[in-house]
Each structure stands twice: as structure tokens, then as C-alpha cells.
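For reference, the structure is listed below as C-alpha cells.
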Amino acid sequence: QETTRSRGTLCQAHPNLFAMRFTDPPGDVVVSDGEAFWVYYPSVDRVQVLRFELEHPPGGLDFYREFLEEPAAKYHLAFEGEETVGARRTYVVTARPRGEAAFQAAKIWLDAERSLILRARIEMENGSVRTVTLSDFRLDPPPDPQRFRFVPPPGTQVIRRAPRP
């Protein structure tokens, strides 16, 4: 099993702005600008940018929307107990999709006091596992409209991903 580690900053503004900008690997980015959902991983492919319709973003990236908006309607949920992530007490919950989803299962560590997701372990359909640990929260960062802007770099090919039927 291969493990890939990355580091960066995640920022969200509801209802539809989202940005994950990576410092390791540098330049990798996932952005929802309010009109489209952009995925660019130059660490994997410098010339390919994926553009999704906002109504059909790739699953599992917007943790709030994916796991905290009406979770019982989307998932079979099971409480697994309590664990510590960093110095925080968390509730551990597993989620199995009730219908079609971009992943087959997830395990979520939810901060017991602040109701924030501190860790998500997502098992993808292809057998890969992605674990994301979130820390150093700033709940009211200064406004910055550039934070949610993405312009494909010169020389890249934008591949528009059609919505699933």
C-alpha cells in the first residue's frame, strides 16, 4: 500500500465556495469558485485541469456538505466511540452511503466540543484510502475574494467533467 502525504490550507465559505491549496506538493489545488469546481494537481499532471459542474463536484472534498448536511439521509451511520485527535476529544462515526457515491465508506472524527471535523478517512471505490487531518482552525478569516478564484495556468488543457446521469 502506497502512502502519500500532503499539506496545505483549506477554506470554505457557504454555500458554495471552497479552496484547498497545497504547499506540499506545491501548486496542487482544488477550488470551487461559485460557478465551477476545479481540480489541478501539477504534481501528477502539469497540463491537465479538471472542471466539474458545481452541482456535481467530485465526492468527499467538501467535508461540511458531504458529512454534516443531512447525514442520516445520505448515509448509514454508526457511532464507533471516542478517540483523541491532537489534544481534542472526538466522536468517531462511520458512514456508508445509502445510494450512489464517489466512495464506499468513510470514518469521521468529529470534535466533541466544537462540532468540527478533525479527521476524515475515505475509502474510495478503487480501493485507495485517503485520510485528511484538519488542524489550526481559523473560523473567521479576513475576507479575500482571490482565495476562491482559479485561473487555469497557460498551456493547460481544461477537461470538463459531465454530470453523472
> Looking at V151, is it open to solvent by less than 60 Å² (accessible area, probe 1.4 Å) and either touching a Ser or Thr at 6+ places or on another chain (Cβ under 8 Å) or hydrophobic (A, V, I, L, M, F, W, C) (or both)?
Replying inline: no
>> With the structure loaded, tell me whether Q48 is touching an Asp or Glu at 6+ places or on another chain (Cβ under 8 Å) and in contact (Cβ under 8 Å) with a residue 24 or more places away in the chain or whether it fails that test.
In response: no
>> Taking the criterion of being hydrophobic (A, V, I, L, M, F, W, C), touching a Phe, Trp or Tyr at 6+ places or on another chain (Cβ under 6 Å) and open to solvent by less than 60 Å² (accessible area, probe 1.4 Å), would at least one residue in the range 2-15 satisfy it?
In response: no
>> For the range 93-133, which positions are in a loop (DSSP other than H, G, I, E, B) and more than 20 Å from F52 (Cβ to Cβ)?
In response: R98, A112, E113, R114, S115, L116, G127
>> Yes or no: the range 53-76 includes at least one residue that is surrounded by 14 or more Cβ atoms within 10 Å (Cβ to Cβ), at pLDDT 75 or above, outside any helix (DSSP H, G or I) and hydrophobic (A, V, I, L, M, F, W, C).
In response: no
> Consider L134 against the criteria (1) open to solvent by 60 Å² or more (accessible area, probe 1.4 Å); (2) within 17 Å of the chain's Cα centre (by Cα): it satisfies all of them except one. Which criterion is unmet?
Replying inline: (1)
>> Any residue in the range 131-148 that is without any contact (Cβ under 8 Å) to a residue 60 or more places away in the chain and of a type in the set (S, T, Y) sitting within a Cβ distance under 6 Å of a residue that is surrounded by 10 or more Cβ atoms within 10 Å (Cβ to Cβ) and outside any loop (DSSP other than H, G, I, E, B)? List the pairs, counting only those 6 or more apart or interchain.
In response: T131/R121; T133/R119
> Here are G81, G86: which of them is farther than 23 Å from P154 by Cα, open to solvent by less than 20 Å² (accessible area, probe 1.4 Å) and modelled with pLDDT of 85 or more?
Replying inline: G81
>> Report every pair of residues separated by at least 6 positions or lying on different chains whose Cβ atoms are under 8 Å apart, first residue within the range 76-105 and more than 15 Å from R119 (Cα to Cα) and of a type in the set (S, T, N, Q), second part of a strand (DSSP E or B) and open to solvent by less than 50 Å² (accessible area, probe 1.4 Å).
In response: Q104/P97; Q104/M124
> So which residues in the range 89-131 are open to solvent by less than 30 Å² (accessible area, probe 1.4 Å), β-branched (V, I, T) and modelled with pLDDT under 90, if there are any at all?
Replying inline: I117, I122
> From the set of residues in the range 134-165 that are part of a loop (DSSP other than H, G, I, E, B) and basic (K, R), which is modelled with the highest pLDDT?
Replying inline: R149
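The values are calculated or read from the model by the stated rules, or taken from the named source; none is laboratory data. Fair warning: this is a prediction, and the values are worked out from it, not measured in the lab. FYI the Cβ positions are ideal-geometry reconstructions off the backbone, even for glycines, and counts take in every protein chain you see. For accessibility, only protein heavy atoms count, side chains too; no ligands or nucleic acids. Shrake-Rupley method; radii C 1.70, N 1.55, O 1.52, S 1.80 Å.
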